[in-house]
Ligand code: PMV
C-alpha cells in the first residue's frame, strides 16, 4: 500500500516577533530539528494516529466526526489539518498517521505548525491533488488558527519554504534571504513559553496603550528591515546592535523575563555581539550572535547561568517528501 513521508523543519524567530502578528515584517530561520509524518490509507472510516514519542498509540476518530474534542496538542493539529483538507476537497477515506520528531515540543521550535503543514502536504501527495505553495500555506494556516486562535503563520512559512525568510503575516511576504551562515548560539532557558497567551497579552497591552505599542512596532519594523540587509552583508557587529535594540523593545512590551535577561546579559558579558529572546518571550530560547573565537566562552557562561545550549543548524531546507 502506498505510503507518503513528509518531513518539516522547526523554526527560530530572529527579528520582529509580536510586531509580525500586527502586520509588520519579521525574520525567521528554519532549524534542522525536523518532524516527520507518515500517512497511508487504512481502508476504514477511521483516522488512526500514532505519535510514540508523545505516548500516543492508536488514537482513533471517525473521519466524519473530526475536531471539536479535548485531545493531546499535536493530535489536535493533525486532526484539524485532515479536517480542513477533507472539507476542502470532499474526502472521507480513513488514514493511518504516524509522527516522528527529532525534537521535543518543549523547546519552542514550532512542532505544531511543522506537523500541520506536513500533514496537508502529505495528504495532497496521497490524493494526488496539486496544491500551490500558497494554497498549502493557506489551508495549514486556517487549521492552526482553528486550534490556536492567534498567530502570524511565520512558523508555517519556515517549515514550508525553509531557509531564512523576511515574512509578513498570512505569507503576504515570504522572501528568501541569501544567507550562507548565521553565527548564532541558541540557548534554551529551561522555561516553557506559552505563545498564544503572550500574543493575547500583547494584544491587550496594545489596546490599553495604542500609541506606545505603535511606536514599539514602528521601531521593530525598522530594525527588521535593516537587519535583513546586514545579515546578507555579514555585518555582524551591526546585526548584534540591532538584536540588542530589538530586545530592549521586547522588554518594553513586557514579554521578557528575568531568566531570559540573565542569559542575555551573560552572553553579552562573555563577548557576544548581540543577544535577544527569540519568539513570544516568557521563556523558550535566547539567541546570541557570536564570532567563532568567542563561541566557546559564551557557551560556557550560558551553561553556568542555567541555560541549555541547543546544537542546531539554522537556515535549513523546507519540506521534503518521498513515496514508499
Ligand atoms: O514563541 P514562538 O517561537 O512560537 O514565536 C512566536 C512569535 C510571535 O510573533 C509572538 C507569534 C507569531 O505567531 O508570530
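The values are calculated or read from the model by the stated rules, or taken from the named source; none is laboratory data. Worth saying up front: this structure is predicted, and the values here are computed from it rather than measured. Every residue, glycine as well, gets a Cβ built from its backbone with ideal geometry; the counts of neighbours run over all protein chains shown.
The table below gives the values:
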read-out: Options 189, 256, 278; residue that is touching a strand residue (DSSP E or B) at 6+ places or on another chain (Cβ under 7 Å), closer than 23 Å to residue 104 by Cα, surrounded by fewer than 21 Cβ atoms within 10 Å (Cβ to Cβ) and touching a residue at least 24 places away in the same chain (Cβ under 8 Å); value: 256
read-out: Failed condition for residue 311, given (1) closer than 26 Å to residue 30 by Cβ; (2) more than 15 Å from the ligand (Cβ to nearest atom); (3) surrounded by 22 or more Cβ atoms within 10 Å (Cβ to Cβ); value: (3)
read-out: Where residue 80 falls short, out of the listed (1) touching a residue at least 24 places away in the same chain (Cβ under 8 Å); (2) in contact with a helix residue (DSSP H, G or I) (Cβ under 9 Å, 6 or more places away or on another chain); (3) surrounded by fewer than 18 Cβ atoms within 10 Å (Cβ to Cβ); (4) more than 29 Å from residue 248 (Cα to Cα); value: (3)
read-out: Strands (runs of 3 or more DSSP E) enclosed by segment 284-324 - at least 1 residues per element that are touching a strand residue (DSSP E or B) at 6+ places or on another chain (Cβ under 7 Å), touching a residue at least 24 places away in the same chain (Cβ under 8 Å) and farther than 28 Å from residue 176 by Cα; value: 308-310
read-out: Identity of the residue in segment 13-51, in a helix (DSSP H, G or I) and out of contact with any strand residue (DSSP E or B) (no Cβ under 8 Å at 6 or more places or on another chain), that ends up surrounded by the most Cβ atoms within 10 Å (Cβ to Cβ); value: 21
read-out: Residues within segment 251-274 that are under 17 Å from residue 182 (Cβ atoms) and within 16 Å of the ligand (Cβ to nearest atom), tallied; value: 0
read-out: Segment 261-275: number of residues that are in a loop (DSSP other than H, G, I, E, B) and in contact with a strand residue (DSSP E or B) (Cβ under 7 Å, 6 or more places away or on another chain); value: 2
read-out: Test result for residue 57, over 25 Å from residue 172 (Cα atoms), more than 16 Å from the ligand (Cβ to nearest atom) and either under 17 Å from the mean Cα position of the chain (by Cα) or modelled with pLDDT of 95 or more (or both); value: no
read-out: Exclusive hit being without any contact (Cβ under 8 Å) to a residue 12 or more places away in the chain and under 23 Å from residue 27 (Cβ atoms), set 206, 172; value: 172
read-out: Residues that are under 21 Å from residue 203 (Cα atoms) and touching a residue at least 40 places away in the same chain (Cβ under 8 Å), drawn from segment 128-152; value: 142, 144, 146, 147, 148, 149, 150, 151, 152
read-out: Test: residue 107 is closer than 20 Å to residue 7 by Cβ and more than 13 Å from the ligand (Cβ to nearest atom); value: no
read-out: Residues located in segment 83-102, provided they are farther than 17 Å from residue 39 by Cα and out of contact with any helix residue (DSSP H, G or I) (no Cβ under 7 Å at 6 or more places or on another chain); value: 87, 89, 90, 102
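Per-residue answers, yes or no, for (1) over 17 Å from the mean Cα position of the chain (by Cα); (2) assigned to a loop (DSSP other than H, G, I, E, B); (3) within 16 Å of the ligand (Cβ to nearest atom); (4) on the phi < 0 side of the Ramachandran plot:
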position: 69; (1), (2), (3), (4): yes, yes, no, yes
position: 83; (1), (2), (3), (4): yes, no, no, yes
position: 86; (1), (2), (3), (4): yes, no, no, yes
position: 92; (1), (2), (3), (4): yes, yes, no, yes
position: 115; (1), (2), (3), (4): no, no, yes, yes
position: 122; (1), (2), (3), (4): yes, no, no, yes
position: 129; (1), (2), (3), (4): yes, yes, no, yes
